[in-house]
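Structure record follows, encoded as structure tokens.
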Amino acid sequence: MDTILWGGATASSQYEGGFDGEKGMDTQDCRPYLPRTSNATTETRLLTNERIQQAKTNEAGLFYPFRKGSRGVDFLEEDIQLLQELGIDLYRFSISWSRLFPKGDELVPNEAGVLYYDRVFNSLKEKNIKIFLTMNHYAVPLNIVETYDGWKNKETIELYMRFSEFVLDRWGEYVEYFLPFNEINAGYFSPFNGVGLIKPEQGNYSFTDVFQSLHHQFVASARTIKLAREMKLKGTFGSMISCFCYYPLTPKPEDNLKLVQDEQVNQWFCMDVLSKGTYPYYMTPFFEKNQVVLDTTEEELELLKTYTCDFVSFSYYSSSIATTEEDGKQTAGNLVVTTKNPYLKASEWGWQIDPVGLRTTLNKVYDRYDKPVIISENGFGANDVLEVDGTIKDPYRIDYFEQHFAEILKAKTDGVDVRAYIAWGIIDIVSAGSCEMAKRYGVVYVDADSEGNGDYKRYKKQSFDWYKEFIEEQKKG
Ligand code: BGP
């Protein structure tokens, strides 16, 4: 069995910055930083038209953190140097669609964007770091959202194909692992980020819009795989979901049934389509119940069947609870809110820490799909402190890594074909959920606060040395 590759990840919108003049505005650029209150996350995640217009004129004087990211564009070479020093095998990053095609519908890409990514791919190649490329990680050019209604429109598939064809053609040879869409099931929980749908001023999203948009992403993913196979690229293609590792709250049969149903719709659905090539049986009653009517063509369904993914990947941060009782104590998690688990501790943001859940998830994913598995995101968000002597002591992150890595190695012994582990936000970046810089995941600290103050200088954390040593040990075998 292959050995595990150890890696680290960023995403363009959370890392790059370089907004002024160099790229078009995208959905993430419209999300303001709002100090933590109970509904701040929802307000900055599900944007209404009013919020978008406010972002365009910037009248309210709010700070838009994704426009600055971690100023990766300015620190690129230094960051890649740090990644080499860390010794990671694999770096996961994404291409900003609006840096290449500022409005998303141009025929020719923006030269500054092309040159920037030339630098990224070449520096990584020079340093011998393998590439896991997320072609699209949430951010959608705002013009596609406003003029085309985001992924709801079949025309957006064509715009994405123009983007993906350019990417495959120019940089396809550099890439080991391709991922057409980050956490595709996020489209369901976070339709603005995931599928570029504006939240209605009143009420909620229409389910038909959400699932139609997801269908279009499935088709775009299959068509990209088709294109890459025709181009005979050596890299393999994956799909990615966010995994929630549900437990039933009690042994009550109804709780266990709820677990199965929550997993099906919230977690497996997108990967079932992308990996098995057909819509799963359980979505028929779900669509009926929620009056979802999809517009699909024979040709699209045939594409889904033929061009399935080669590997499966997922993000895993914490576990969740399934219950039919509505009144349990709630806590946050990646994309979803869940009931508190009395056996687990949680991070400052309420995400429950559960290393064993990662082993369980690896087994479940491998069992269901029988394809190589990659943990494409995992890590611990904390408000680290930069000491006056320039050190950052983050033993809690080392603990988190240590416990989760032990479970990955156990899953490997269970027989799961784990190919790679990718630590999320390897260099501190803006949080995708809360738009804060204070929620840090990196082993490299970036000296900036949630309002964009600071010089963005890089400092190695205690966990940097720990991860470096761990990787060296793994290589010795
Ligand atoms: C995933 C996203 C990442 C990311 C991570 C951590 O959903 O793919 O972009 O940031 O979660 O979430 P957060 O930044 O909200 O802590």
Task: Debye intensity ratio in log₁₀ form over the Cα atoms of the chain, taken at each q of 0.08, 0.09, 0.10, 0.13 Å⁻¹ - done: -0.43, -0.55, -0.70, -1.30
Task: Share, in percent, of DSSP beta bridges within the chain that are antiparallel, nearest 5 - done: 20
TODO: Identify all aspartates and glutamates with a Cα-Cα distance to residue 68 below 15 Å; exclude those on the same chain that are fewer than 8 residues away in sequence.
DONE: 16, 20, 22, 26, 29, 428, 436, 447, 449, 451, 455
TODO: With a Förster radius of 56 Å, plug the Cβ-Cβ distance of residue 3 and residue 257 into 1/(1 + (r/R0)^6) and report the FRET value to the nearest 0.05.
DONE: 0.90
- [ ] Using a/c under 1.5 as the rounded threshold, could you call region 27-95 rounded, prolate or oblate? The axes a ≥ b ≥ c are square roots of the C-alpha gyration tensor eigenvalues, and prolate needs a/b larger than b/c, oblate otherwise.
- [x] prolate
Task: Additional length obtainable on full extension of the chain from residue 128 to residue 310, 0.36 nm per residue less Cα span - done: 63.2 nm
Open item on the list: Could you check the spin-label model distance between residue 345 and residue 118? Points 7 Å from the Cα along Cα→Cβ, value in nm.
Closed with: 5.0
Open item on the list: Taking 35 Å as R0, compute the FRET efficiency from the Cβ-Cβ separation of residue 363 and residue 106 and round it to 0.05.
Closed with: 0.15
Open item on the list: Keeping all protein chains in place and using 1.4 angstrom, which order do 189, 121 fall into by accessible surface area, from largest down?
Closed with: 189, 121
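Would you mind working out the magnitude of the charge dipole of the chain relative to its Cα centre, with +1 at each Lys and Arg C-beta and -1 at each Asp and Glu C-beta, to the nearest 20 Debye?
580
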TODO: Mind scanning 103/152; 23/457; 125/234; 258/289; 56/199; 276/364 and naming the pairs with a C-alpha gap bigger than 19 Å?
DONE: 23/457
TODO: Tell me the label-point distance for the pair residue 302, residue 78, using the 7 Å Cα-to-Cβ offset, in nm and rounded to one decimal.
DONE: 5.4
- [ ] Output ³J(HN,Hα) for region 217-224: one whole-Hz value per residue in order, computed from phi by the Karplus curve 6.51 cos²θ - 1.76 cosθ + 1.60 with θ = phi - 60°, and x for Gly and Pro.
- [x] 5, 4, 5, 4, 5, 4, 5, 5
Open item on the list: Please enumerate, by chain and number, the aspartates and glutamates with C-alpha under 15 Å from the C-alpha of residue 232, excluding those fewer than 8 residues away in the same chain.
Closed with: 165, 169, 173, 176, 310
Open item on the list: For a Förster distance of 45 Å, can you work out the FRET efficiency between the beta-carbons of residue 410 and residue 59, rounded to the nearest 0.05?
Closed with: 0.25
Open item on the list: Using alpha carbons only, how many angstrom separate the centre of region 101-178 from the centre of region 19-80?
Closed with: 20
Open item on the list: Of 147, 390, 131, which is farthest towards the positive pole of the chain's charge dipole, taken about the Cα centre with +1 and -1 on the beta-carbons of Lys, Arg and Asp, Glu respectively?
Closed with: 131
Open item on the list: Just to check I understand the Karplus step: with θ = phi - 60° and J = 6.51 cos²θ - 1.76 cosθ + 1.60, what whole-Hz values come out for region 336-346, glycine and proline as x?
Closed with: 10, 9, 9, 7, 5, 9, x, 8, 10, 8, 10
Task: Charge dipole of the chain about the Cα centre (unit charges at C-beta), most positive-ward option of 192, 350, 406 - done: 406
Task: 5 angstrom amide H check on residue 247, placed H, neighbours 5+ away - done: 320, 321, 322
TODO: Report ³J(HN,Hα) in whole Hz for each residue of region 391-403, in order, from the Karplus equation J = 6.51 cos²θ - 1.76 cosθ + 1.60 where θ = phi - 60°; Gly and Pro get x.
DONE: 9, 10, 9, 10, x, 4, 6, 4, 4, 4, 4, 3, 5
TODO: Highest first, please rank the peptides 429-439, 399-409, 225-235, 178-188 by the mean number of other Cβ atoms sitting within 10 Å of their residues.
DONE: 178-188, 429-439, 399-409, 225-235
TODO: At 7 Å along the Cα-to-beta-carbon direction for both residue 293 and residue 325, put a label point, then send me their distance in nm to one decimal.
DONE: 4.1
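The values are calculated or read from the model by the stated rules, or taken from the named source; none is laboratory data. Please read all numbers here as calculations on a predicted model, not as lab measurements. Counting neighbours? That spans all protein chains shown, and the Cβs are built from the backbone with ideal geometry, glycine included. Each accessible area value is taken on the protein alone, full model and side chains, heavy atoms only, with ligands, DNA and RNA left out. Shrake-Rupley method; radii C 1.70, N 1.55, O 1.52, S 1.80 Å.
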